[in-house]
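What follows is a single structure, written as structure tokens, with notes after it.
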Amino acid sequence: MADQRFDLVVIGAGAAGMMCAATAGQRGRRVLLLDHAPKLAEKIRISGGGRCNFTNRRVAAEHFLCRNPHFVRSALSRYTARDFIDLVERHGVSYHERDWGQLFCDDSAQQIIDLLRAECEDGAVQWAMPASVQAVERTSDEHDRFVIATTMGRFYAHSLVIATGGLSIPKIGASPFGYRIAEQFGIPVIAPRPALVPLTLPPETLSLLAPLAGASFEVEASCRGPAFREAALITHRGLSGPSILQASSYWQAQAYEKDDWAPVSLNLLPGIDAEEWLMAHASERGLLANLLSERLPRRFAHALCALQGWEKPVNAFRHADLRQIAATLADWQLVPSGTQGYAKAEVTLGGVDTNALSSKTMEARKQPGLFFAGEVMDVTGHLGGYNFQWAWSSGYAAGQHA
Ligand code: FDA
């Protein structure tokens with residue numbers, strides 16, 4: 001490709017970039033979509049265990065972490081979960097609903113990639129892929145405001161959308177490119193951290209739990225934020241499972257505010273009154289671990305009692321001790337030693353500071369023509385299809401205005 005002129009160049013052909021390019025192309029804009037990866041939209045392909053949890057029926061602002069909590073409202077209301085479901089239905093992709101309103105393809109995540117590619121074709125979007133960007137500069141030209149130097153030639157664009165995502169899963173193409181561009185144009189970036197990520201535990205806790213790797217049970221997990229009642233999974237390095245992934249984002253977020261690391265709280269007996277239950281069994285002669293095994297995996301119940309020094313028959317505890325044990329079971333506090341990092345994180349917390357962007361258009365307030373879309377921004381959804389919905393909604397907003 002030689003030098004070419006476009007109304008819009010979108011860098012990053014993932015979920016947000018394809019939605020943005022298709023939207024702008026279908027408005028009649030001449031669009032180029034560029035990506036450095038050899039394979040299209042790998043993150044969509046591996047998402048949702050290969051079935052892509054593409055949205056959620058309960059999309060609302062409280063399912064997103066963002067320094068600027070109202071930022072997401074406008075885009076989410078202009079392109080809703082219903083809008084994406086309509087698109088999925090128009091393309092004949094069959095889907096099903098799982099717990100908590102999560103929607104998944106019946107067959108394969110590839111159907112979502114094919115759908116987005118077809119939408120791009122409808123908008124006559126042109127592709128540059130794989131192409132690496134060497135430099136992005138603003139020109140003094142009124143129309144060709146940006147010049148993008150790449151391994152496939154130089155492209156001139158009136159508007160530029162950065163949709164290069166976050167840092168999770170570097171081996172399939174994640175890069176800090178979007179943050180570098182933001183910094184180049186004087187737009188603040190909130191330090192990125194891995195989120196929706198398994199947590200690691202310190203040696204003293206891990207030595208007792210690691211032998212139980214693979215055990216899974218329902219808990220209510222929280223960290224100075226909402227509580228998530230879902231499965232927790234013990235791993236060789238600490239804890240994972242949906243409830244832990246959800247709490248991990250809040251564990252990472254609170255660390256921005258404080259120097260100390262808050263504990264993650266696990267209610268090990270969700271849905272029951274632990275004190276009432278223990279008191280009802282206060283006269284039992286069996287080990288407390290055996291009683292707990294009625295509600296928790298047996299080996300975990302024994303490890304927990306060893307860790308806490310509760311290795312006695314139930315009736316050997318004073319009532320005050322049982323009340324204390326009940327309080328611990330309802331709020332077992334663990335301070336993780338860290339996370340398993342971007343290699344295992346589903347998303348990135350932090351990113352381009354939304355205070356510098358228009359919530360209606362995704363355009364940088366002080367850089368006319370420069371837009372951001374998707375996960376590259378400081379917007380992090382809960383587990384459950386929210387991150388894709390943000391990619392669709394923000395990509396659509398940018399595509400409507402870029
Ligand atoms: P995305 O990462 O999709 O795309 C960014 C694109 O930019 C990539 O194609 C990349 O190659 C390209 N790029 C990066 N740097 C570049 C550079 N320097 N030059 C050119 N191109 C560059 N969410 C959800 O809602 N439901 C789900 O089921 C799942 N499941 C899931 C599983 C796993 C394993 C992961 C890692 C993540 C999920 N997610 C998810 C999260 C979801 O995948 C994620 O939030 C969206 O893909 C974000 O969309 P973006 O378009 O912003 O980035």
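Here residue 140 clears all of (1) crowded, with 18+ Cβ neighbours inside 10 Å; (2) not in a helix (DSSP H, G or I) except the condition numbered (1).
Among the residues of the range 318-335, those that are among the hydrophobic types (A, V, I, L, M, F, W, C) and under 23 Å from residue 271 (Cβ atoms) comprise 322, 325, 326, 327, 329, 330, 332, 334. Evaluation of residue 188 against the conditions (1) crowded, with 18+ Cβ neighbours inside 10 Å; (2) touching a helix residue (DSSP H, G or I) at 6+ places or on another chain (Cβ under 9 Å) shows that the sole unmet condition is (1). Taking the criterion of being among the polar types (S, T, N, Q), more than 10 Å from the ligand (Cβ to nearest atom) and in contact (Cβ under 8 Å) with a residue 12 or more places away in the chain, would at least one residue in the range 49-56 satisfy it? Checked against the condition, which is being among the polar types (S, T, N, Q), more than 10 Å from the ligand (Cβ to nearest atom) and in contact (Cβ under 8 Å) with a residue 12 or more places away in the chain, the range 49-56 yields no hits at all. Only residues that are away from the ligand (no atom under 16 Å from the Cβ) and in a strand (DSSP E or B) were counted across the range 353-372, and they come to 2. The residue of the range 301-315 that is modelled with the lowest pLDDT, among those that are open to solvent by 50 Å² or more (accessible area, probe 1.4 Å) and not polar (S, T, N, Q), is 307.
Between 346, 311, 294, 375, the distinction of being within 12 Å of the ligand (Cβ to nearest atom), of a type in the set (Asp, Glu) and more than 17 Å from residue 68 (Cβ to Cβ) belongs to 346 only.
For the condition out of contact with any helix residue (DSSP H, G or I) (no Cβ under 6 Å at 6 or more places or on another chain), in contact (Cβ under 8 Å) with a residue 12 or more places away in the chain and either within 11 Å of the ligand (Cβ to nearest atom) or not in a helix (DSSP H, G or I) (or both), residue 8 does not qualify.
For the range 322-355, the tally of residues that are among the charged types (D, E, K, R) and more than 22 Å from residue 378 (Cβ to Cβ) stands at 2.
Scan the range 342-364 residue by residue and report those that are over 17 Å from the mean Cα position of the chain (by Cα) and surrounded by 20 or more Cβ atoms within 10 Å (Cβ to Cβ). Step through it out loud before you land on a result.
Looking only at the range 342-364, we keep the residues that are over 17 Å from the mean Cα position of the chain (by Cα), and these are 355-364.
The answer is 356, 357, 362, 363, 364.
Checking the structure you have, find out if any residue of the range 22-38 is farther than 20 Å from residue 125 by Cβ and either open to solvent by 20 Å² or more (accessible area, probe 1.4 Å) or away from the ligand (no atom under 11 Å from the Cβ) (or both). No, the conditions are met nowhere in the range 22-38.
Just one of (1) within 8 Å of the ligand (Cβ to nearest atom); (2) touching a Lys or Arg at 6+ places or on another chain (Cβ under 9 Å); (3) over 30 Å from residue 226 (Cβ atoms); (4) of a type outside the set (Ser, Thr, Tyr) fails for residue 14. It is (3).
The values are calculated or read from the model by the stated rules, or taken from the named source; none is laboratory data. Only a predicted model underlies this, so the values are computations on that prediction, with no experimental measurement involved. Cβ sites come from the backbone with ideal geometry, for glycine too, and all protein chains shown count toward neighbours. For accessibility, only protein heavy atoms count, side chains too; no ligands or nucleic acids. Shrake-Rupley method; radii C 1.70, N 1.55, O 1.52, S 1.80 Å.
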